[in-house]
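Just below is one structure, and these are the notes that go with it.
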Amino acid sequence: RYGTFKPKQAEIIPPGVDSTRFHSHQSKSENELVNTLLAPFLREPELSPLLSISRAVRRKNIPALVEAYGRSPVLRQRHNLVLVLGCREDPRQLEKQQRDVFQQIFELVDRYNLYGKVAYPKHHRRDQIPSIYRWASFRRGLFVNPALTEPFGLTLLEAAACGLPMVTTDDGGPRDILARCENGLLADVTDLEALQDALEQAGSDQHQWRSWSDNGIEAISRHFSW
């Protein structure tokens, strides 16, 4: 649309992360704080976590992640599921879409008897988010973004900067992020079996996990750091 536009003179500047907050240097004290936050939910807190951080809206597709986890004996044996979905006091006071999402999650936890396996804390502080990523990385976990559509995926950058590999939707921005970071797998999140297979595969090889973790840290510093 610009008559004088010259593509060779254009530079793409992607969203980025603040490396003073999102980094891979863990401390014992912050790990203990996250342990305290999640302790009421997890029977075996030492298990590797599948972590998802998002708003509780339909587009983020969190119930599909819970169902894929509930269906898989492998995932239930190997991982806990940690869902950080914003803060809430009384679910009845949430917007209808948020209430519906939480109701689906509660029903799936009950259907697959996931008590002691799934954490969904009611409160967290904004400054705890980097610590939660690092806690999950310390336990050799995975960051999971099961969104039906993801225009970019800033949480993927945050997780990668903290050394946490990812399994993410094969739609939109995550394709570009993964092409540069090489730190996980894409999955068709509209297919529960495909999502389940990607999660099982991504968590099966610790050498691959370490490679993905290192790749993410380096690539974020090179391509996506502000």
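The values are calculated or read from the model by the stated rules, or taken from the named source; none is laboratory data. Just so it is clear, the model here is predicted, and its values are computed rather than measured. Don't worry about glycine lacking a Cβ; one is built from the backbone with ideal geometry, like all the others, and counts go over all protein chains shown. When the accessible area is computed, the model is the full protein with side chains, heavy atoms only, and any ligands, DNA or RNA have been set aside. Shrake-Rupley method; radii C 1.70, N 1.55, O 1.52, S 1.80 Å.
So the values come out like this:
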read-out: Condition check for G216: modelled with pLDDT of 95 or more, closer than 19 Å to V17 by Cα and crowded, with 20+ Cβ neighbours inside 10 Å; value: yes
read-out: Options G70, G86; residue that is of a type in the set (G, A, S) and modelled with pLDDT under 95; value: G86
read-out: Long-range neighbours under 7 Å by Cβ, at least six apart or interchain, first residue closer than 14 Å to L178 by Cβ within segment 211-226, second open to solvent by 30 Å² or more (accessible area, probe 1.4 Å) and assigned to a helix (DSSP H, G or I); value: A219/R180; H223/R180
read-out: Pair list, Cβ under 7 Å, 6 or more apart: segment 115-141 residue modelled with pLDDT of 95 or more, other residue buried (at least 22 other Cβ atoms within 10 Å of the Cβ) and among the small types (G, A, S); value: Y133/A159; S137/G163
read-out: Subset of segment 1-30 that is under 21 Å from R180 (Cβ atoms) and among the hydrophobic types (A, V, I, L, M, F, W, C) - its residue that is farthest from the chain's Cα centre (by Cα); value: A10
read-out: Subset tally (residues that are crowded, with 24+ Cβ neighbours inside 10 Å, aliphatic (A, V, I, L, M) and under 25 Å from E67 (Cα atoms)) for segment 150-159; value: 2
read-out: Given (1) open to solvent by less than 10 Å² (accessible area, probe 1.4 Å); (2) farther than 17 Å from R78 by Cα, index of the condition A179 fails; value: (1)
read-out: Selection count, segment 188-205, where residues are free of Cβ contacts under 8 Å to residues at least 12 places away in the same chain, closer than 14 Å to R71 by Cβ and open to solvent by less than 70 Å² (accessible area, probe 1.4 Å); value: 2
read-out: Output for segment 152-197, where each listed residue is assigned to a helix (DSSP H, G or I), touching a strand residue (DSSP E or B) at 6+ places or on another chain (Cβ under 6 Å) and of a type in the set (D, E); value: E158
read-out: Boolean, L185 is open to solvent by 30 Å² or more (accessible area, probe 1.4 Å), closer than 27 Å to Q77 by Cα, hydrophobic (A, V, I, L, M, F, W, C) and within 15 Å of the chain's Cα centre (by Cα); value: yes
read-out: Within segment 1-59, considering residues that are in contact with a Pro (Cβ under 7 Å, 6 or more places away or on another chain) and assigned to a helix (DSSP H, G or I), the one most open to solvent (accessible area, probe 1.4 Å); value: N35
